[in-house]
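The values are calculated or read from the model by the stated rules, or taken from the named source; none is laboratory data. None of the values given here were measured: they were computed from a predicted structure. FYI the Cβ positions are ideal-geometry reconstructions off the backbone, even for glycines, and counts take in every protein chain you see.
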Amino acid sequence: MADAVRSPAPCPNATAAALRLVWRRIKRNWLSAIALAIIVAMILAALFAPWIAPYDADETDPAAALQSLSLHHLLGTDIYGRDLLSRIIFAARVDLAVSFGATALALAIGSTIGALSGLYRGWVDLIIMRCVDSVMAFPAFILAMAITAALGNSVGNVLVAIAITQIPTYLRLVRGEILRIREMEYADAARVVGNPPWRIVFIHLLPNCLPPIIVQATLAMGYALLTMAALSFIGLGIRPPQSEWGSMTAEGAQYIVTGEWWLFLFPGLAIVIMVLAFNLVGDALRDFLDPRMRGVR
């Protein structure tokens, strides 16, 4: 048909402008780009650990115990002759799984309850916020210690303990955003046309809270990783022989005075680098998702 409506072709200028904007952001935040590459590389190393690690994480060799850095063992060996590099790679599976899992669980629960609290307000909001205040009355790490000690120090229990300490943060954040945007015109329009409350929350309001939630979740992953390492360091997290950066650091700390510095240094560096990487990526996301920063060259 001659009168057929043609679909508009994509504008190359718009695509080029978007790519130039991304490139400007990368040049301005090159540290964050490196941090993101480190996170991706560590995730890939954890996923393909059996093929990347030079040795099995639990393979002992008494003849190679406490060997320093060498071509056969790039990061040395521990007291049982286990390859330290292999153990660090395999430990990334546990540490990253708990970090992502605890953050996702806290995000799902906290965002849902916070959205309902901000929408209904009244006595529902009052009860929820008093419960949140009760949880936040305890320091987060002390609360995680208590929960882990009560439930046991399995991977699942540590994940739940860290998630519980993070739920109030998302709840308060989402509640504040919902209280702000629930009075906007599009929210009033959604109510006028007869949308049920659940649809107003999850379809119209909650998606508009995503930018601050994404930034907070990225930063919280570093906190979750640090909390898990701290719990393992004091003996309340993942226990040996399971490879985990915090417990490996605790084991290595006993041998610093005897000169086996690599046992403590490299697992500790893994924790520091990953926590710093999550913080740098979260900081870059905050700038990228802030509308006031979009026009900055």
For this session: With the condition kept exactly as written, say whether any residue in region 168-187 is within 30 Å of Ile234 (Cα to Cα) and polar (S, T, N, Q).
Result: yes
Exercise. Among the residues of region 66-85, is any touching a residue at least 12 places away in the same chain (Cβ under 8 Å), more than 30 Å from Ile181 (Cα to Cα) and part of a helix (DSSP H, G or I)?
Worked result: yes
For this session: Identify, from the list Ala57, Ala35, Ala45, Ala41, the residue that is modelled with pLDDT of 90 or more, within 20 Å of Val98 (Cα to Cα) and surrounded by 13 or more Cβ atoms within 10 Å (Cβ to Cβ).
Result: Ala45
For this session: Test each condition in (1) of a type outside the set (S, T, N, Q); (2) in contact (Cβ under 8 Å) with a residue 24 or more places away in the chain; (3) closer than 26 Å to Leu205 by Cβ for Ala46 and report the one that comes out false.
Result: (3)
Exercise. On the given criteria, is Phe264 on the phi < 0 side of the Ramachandran plot, hydrophobic (A, V, I, L, M, F, W, C) and modelled with pLDDT of 85 or more?
Worked result: yes
Exercise. Looking only at residues in region 46-63 that are part of a helix (DSSP H, G or I) and touching a Lys or Arg at 6+ places or on another chain (Cβ under 9 Å), which one is farthest from Thr258 (Cα to Cα)?
Worked result: Leu47
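Please work out which residue is surrounded by the fewest Cβ atoms within 10 Å (Cβ to Cβ), limiting yourself to region 228-243 and to residues that are assigned to a loop (DSSP other than H, G, I, E, B) and of a type in the set (A, V, I, L, M).
By that ranking, first place goes to Ile234.
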Exercise. Looking at Ala224, is it under 28 Å from Ile167 (Cα atoms), crowded, with 20+ Cβ neighbours inside 10 Å and under 23 Å from the mean Cα position of the chain (by Cα)?
Worked result: yes
Seminar exercise, completed: Of the residues in region 265-281, those that are touching a Gly at 6+ places or on another chain (Cβ under 8 Å), touching a residue at least 24 places away in the same chain (Cβ under 8 Å) and surrounded by fewer than 21 Cβ atoms within 10 Å (Cβ to Cβ) come to Val275, Leu276, Asn279
For this session: Please work out if Leu143 is part of a helix (DSSP H, G or I), touching a residue at least 40 places away in the same chain (Cβ under 8 Å) and out of contact with any Pro (no Cβ under 8 Å at 6 or more places or on another chain).
Result: no
For this session: Report yes if some residue within region 110-131 is among the β-branched types (Val, Ile, Thr), in contact with a Pro (Cβ under 6 Å, 6 or more places away or on another chain), assigned to a helix (DSSP H, G or I) and buried (at least 17 other Cβ atoms within 10 Å of the Cβ); otherwise report no.
Result: no
Exercise. Under 15 Å from Thr103 (Cα atoms) and in a helix (DSSP H, G or I): does that describe Thr169?
Worked result: yes
